[in-house]
Amino acid sequence: MAEQSQQSALGATFPAPPPFWQAFTPENVDRIAQLRAAQAGEAENTSSDTKPIRVLDLPSELRFLQPPEPPADGIWNCFGGRYFLTEPIPTLAEAGVEQLYTPPATPTGKHVDRALILKRLAKSLLLNFLELVGIMSVDPSQNTEKIQDLRTIFINFHHLLNEYRPHQARESLILMMQDQLDRSRAETEGIMRMKEKVEGILEGLGETKLPESDDTKMDGTDAMEEDIGKGIWDELEKEFS
């Protein structure tokens, strides 16, 4: 009875927090941190393994502070549901649906091209839809069988498309990585162009010769130097704008 109530609580839409949250007190967190540090020091002297430190023989009040080990069989439970690390696509036979094509992966498959099978299913779908329209115009009460045929074709079509999901995920990852690479290259090229501009401006400043100062023409020289400096800053603003 207690197990059934626990399963119903885990499977609720808004389950309550697990009871072991009360074990995460500051004192317990400090204690397990000290135990991990001590075991980490021993592990450095004995092994070079980089796996997370797991403390053995923990007291009962500290056991919930250590995450469980990864499932060895790839199966785990969460909120009353059972999940698998690798979830293969169920076959049409397992779903109780008639399979209208020979699987391309089987040795007896006549057509290894899934695109060809999808085209044939699409043509069959259109043909059955036209037949359904004709039946509905003559005797609508006889539409059950044709609707079932359409349902079977749709499920076969959808099942065949689902087999492309791993390929779609792989191609999406390739596009994301290529996009990141293109952005990095564009940023690098922009930095190099700006570097060349700055080097050119600095070379131009090095070649600029200011007029020699004269005590008798100090006011005119100061004005000329001010004009030259203003011109240099104007050129810099043009380059970086």
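Values in this text are rule-based calculations from the coordinates and carry no lab data. If you're wondering where the values come from, they're calculated on a predicted model, not measured in any experiment. Positions of Cβ are generated from backbone atoms using ideal geometry, with glycine treated the same way; all protein chains shown enter the neighbour counts.
Return the distance in nm (one decimal) between the two label points of a simple spin-label model at ALA169 and ILE201, each offset 7 Å from Cα along Cα→Cβ.
Computed distance between label sites ALA169 and ILE201 equals 5.0 nm.
Mind listing the phi-derived Karplus ³J(HN,Hα) values for the range 15-31, rounded to whole Hz, using 6.51, -1.76 and 1.60 with θ = phi - 60°, and x for any glycine or proline?
Whole-Hz 3J(HN,Hα) from phi for the range 15-31: x, 6, x, x, x, 7, 5, 5, 7, 8, 8, x, 5, 5, 5, 5, 5.
Can you give the local net charge around ASP149? Use residues other than it whose beta-carbon is closer than 15 angstrom to its beta-carbon, Lys and Arg +1, Asp and Glu -1.
+1
Work out, step by step, the length gained on full extension between ARG120 and GLU87: first 0.36 nm times the residue separation, then minus their alpha carbon distance; give nm to one decimal.
Result for the pair: 9.1 nm of gain on full extension.
Return the distance in nm (one decimal) between the two label points of a simple spin-label model at ARG193 and TRP21, each offset 7 Å from Cα along Cα→Cβ.
My value for the distance between the label points is 5.4 nm.
Net charge near LEU160, counting Lys/Arg +1 and Asp/Glu -1 over other residues with Cβ under 12 Å of its Cβ?
Once positives and negatives cancel, what remains is +2.
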